[in-house]
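For reference, the structure is listed below as structure tokens.
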């Protein structure tokens with residue numbers, strides 16, 4: 001029974017991944033690659049997926065910061081803010097997008113709703129075709145709340161990391177040299 005549920009989840013993820021736009025992914029990846037600094041934020045489980053992405057960007061040698069940490073510097077022109085929001089309406093993230101745009105930084109959002117308030121302010125949007133917690137009953141998913149969105153986030157972000165590795169001529173060994181060693 002549990003194994004069948006795992007296989008069903010993987011099928012949902014495969015469907016969501018097949019609907020991703022290569023154009024959207026490439027546009028976002030190029031903004032990230034060209035950024036001076038990268039800032040990442042999201043709320044709840046979406047934020048945890050964003051933190052995982054920030055860690056891998058740091059392993060690539062990209063100056064990357066998670067919003068809200070005490071050592072986060074100011075955002076500036078030439079930087080990129082990456083927001084993870086299923087609804088695209090999370091007030092705290094919307095405020096960050098507005099502030100970043102006011103500082104001439106770029107905004108990338110991963111969301112279900114391209115025309116959301118955050119989506120309207122973004123320089124690049126990656127639409128994730130999955131159910132958010134607000135969409136309960138409106139979209140097909142066997143999983144509760146926003147699980148499919150959050151899982152799709154981490155897979156999409158890991159895919160961007162693989163592409164950035166090639167673009168930046170990095171490999172796992174080089175990245176591992178930047179891995180934390182005080183664990």
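Derivation of every value follows stated rules applied to the coordinates shown; laboratory data play no part. Computed from a predicted model, the values in this text were never measured in an experiment. Glycine also receives a Cβ, built like all others from the backbone with ideal geometry; neighbour counts cover every protein chain displayed.
Quick one: compute the contact order of the chain, relative version, from alpha carbon pairs under 8 angstrom and 6+ residues apart, as a percent.
24 percent
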I want to check the label-to-label distance for residue 173 and residue 120. Put each point 7 Å from Cα in the C-beta direction and report it in nm to one decimal.
5.1 nm
With the chain treated as a Gaussian network of Cα nodes joined by springs under 10 Å, which of 88, 34, 50 yields the largest mean-square fluctuation?
34
Computed from the coordinates I sent, Cα extents along the principal axes in Å equals one of [x] 60, 34, 27; [y] 48, 36, 35; [z] 45, 38, 32. Tell me the label.
[z]
Alpha carbon centre of segment 18-81 versus segment 149-171: separation in Å?
11 Å
Would you mind computing, in nm to one decimal, how far apart the modelled labels at residue 2 and residue 99 are, each placed 7 Å from Cα along Cα→Cβ?
4.2 nm
What is the packing order of peptides 36-46, 57-67, taking the mean over residues of other C-beta atoms within 10 Å and listing the highest first?
36-46, 57-67
